[in-house]
Amino acid sequence: MEHRNLVDAVRAETMNAAQLRAAFLVEDLFPRGEVKLLHWEGERTILGSAVPLDAPLALDAPPEIRAPFFCARRELGVLNLGGGGRVTVDGTAHALGSRDGLYVGRGSKDVLFTSDDPATPALFYLVSYPCHADHPTRPAKQADTQTFRLGEPARANVRTLRRYVHPGAFPTGQLVMGVTDLDTGSVWNTMPPHRHARRTEVYLYFDLDPDAVVFHFMGRPGETRHLVVRNLQVVLSPSWSMHFAAATSRYAFAWAMGGENQEFDDMQGVPPGQL
């Protein structure tokens, strides 16, 4: 399991492009035929992927977490961004089509990932946080999400936000998770910018064309920085940093948050005039 340390705002403002990418950008997250995990100090986040081919893949506990099984002290959010597949939790199989999710509760011992067709495998995206209570494993299907239409064409930010894992759907320890889709012709997300003082966030950008890029803006209002992001890459967003982005074409992103508060509107806005 790869490990990333937290970086404070003062240090981030001294970094060059390569150093910023090494600290805040996760590339090559979806290797085929294996489970890949990364631990980030922010909220003790573990994110990763499972791309099963001919054989199922098990989610084992990495030695670093000192646990008998992965979810012994953790909750897990799963989002499938590929072909059809199944996540089997303690013997119960959950079918996940493209854009379907699953919440796996603390105490779940055996988690197994399977693709329906190895030629078009499932791409299971994983986000996990420590959890101090047992909550049931529950499906989070796209059809059942809480959905909002946001933005306006004149600002090139028309988008559909879907909440998959959130307090209004079912209880979790920390995890809040969802997906936002930009309309064709819209490129800006999360504008005006904001940050979350009481939680951290991770962004997985996807549905980008092969030659398209996202410019993810981060940093403090008076010292903005940016990352050039490509398809199926993740940005780690600490609590001190703003986050907003624009791209060369439409795109989508999966967002996940962990921290002391799960209220979606608990954010600190930054008027663009302060940038």
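Structure summary
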quantity: Among the residues listed as Arg155, Arg163, Arg138, Arg159, the single one being in contact (Cβ under 8 Å) with a residue 12 or more places away in the chain and over 18 Å from Leu79 (Cβ atoms); calculated: Arg155
quantity: Subset tally (residues that are of a type in the set (Phe, Trp, Tyr) and surrounded by fewer than 17 Cβ atoms within 10 Å (Cβ to Cβ)) for segment 70-107; calculated: 0
quantity: Enumeration of residues in segment 168-197 that are assigned to a loop (DSSP other than H, G, I, E, B) and over 21 Å from Tyr129 (Cβ atoms); calculated: Asp183, Thr184, Gly185, Ser186, Val187, Trp188
quantity: Conditions (1) in a loop (DSSP other than H, G, I, E, B); (2) over 27 Å from Val235 (Cβ atoms): number failed by Ser98; calculated: (2)
quantity: Matching entry among Glu27, Glu13, Glu43, Glu34 (being over 24 Å from Gly82 (Cβ atoms) and under 20 Å from the mean Cα position of the chain (by Cα)); calculated: Glu43
quantity: Selection count, segment 6-56, where residues are under 20 Å from Ser239 (Cβ atoms) and assigned to a strand (DSSP E or B); calculated: 8
quantity: Scope segment 125-140; condition more than 16 Å from the chain's Cα centre (by Cα), open to solvent by 20 Å² or more (accessible area, probe 1.4 Å) and not small (Gly, Ala, Ser); matching residues; calculated: His132, Asp134, His135, Pro136, Thr137, Arg138, Pro139
quantity: Members of segment 133-161 found to be under 13 Å from Gly178 (Cα atoms) and part of a helix (DSSP H, G or I), listed by number; calculated: Gln142, Ala143, Asp144
quantity: Number of the exception - Ser108 against (1) assigned to a strand (DSSP E or B); (2) in contact with a Phe, Trp or Tyr (Cβ under 9 Å, 6 or more places away or on another chain); calculated: (1)
quantity: Residues being open to solvent by 10 Å² or more (accessible area, probe 1.4 Å) and at pLDDT 95 or above - total across segment 29-53; calculated: 12
quantity: In segment 51-91, the residues that are more than 12 Å from Lys109 (Cβ to Cβ), small (Gly, Ala, Ser) and either in contact (Cβ under 8 Å) with a residue 24 or more places away in the chain or in contact with a Phe, Trp or Tyr (Cβ under 8 Å, 6 or more places away or on another chain) (or both); calculated: Gly77, Gly82, Gly83, Gly84, Gly85
quantity: Matching residues in segment 18-28 - criterion: being free of Cβ contacts under 8 Å to residues at least 12 places away in the same chain and either open to solvent by less than 10 Å² (accessible area, probe 1.4 Å) or of a type in the set (Gly, Ala, Ser) (or both); calculated: Ala18, Ala22
quantity: Residue list for segment 198-248, filter: assigned to a strand (DSSP E or B) and acidic (Asp, Glu); calculated: Glu201, Glu223
quantity: Candidate set: segment 108-124, residues that are surrounded by fewer than 21 Cβ atoms within 10 Å (Cβ to Cβ) and of a type in the set (A, V, I, L, M); chosen: the one farthest from Leu59 (Cα to Cα); calculated: Ala119
quantity: Selected residue [touching a Pro at 6+ places or on another chain (Cβ under 9 Å) and either of a type in the set (Gly, Ala, Ser) or open to solvent by 10 Å² or more (accessible area, probe 1.4 Å) (or both)] from Arg220, Arg225, Arg198, Arg230; calculated: Arg230
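The values are calculated or read from the model by the stated rules, or taken from the named source; none is laboratory data. The shown structure was predicted, so the numbers you read here are calculated from the model rather than taken from an experiment. For neighbour counting, all protein chains shown are included, and Cβ atoms are generated from backbone atoms with ideal geometry for every residue, glycine included. In case anyone asks, the SASA skips ligands and DNA or RNA and just uses the protein heavy atoms, side chains included. Shrake-Rupley method; radii C 1.70, N 1.55, O 1.52, S 1.80 Å.
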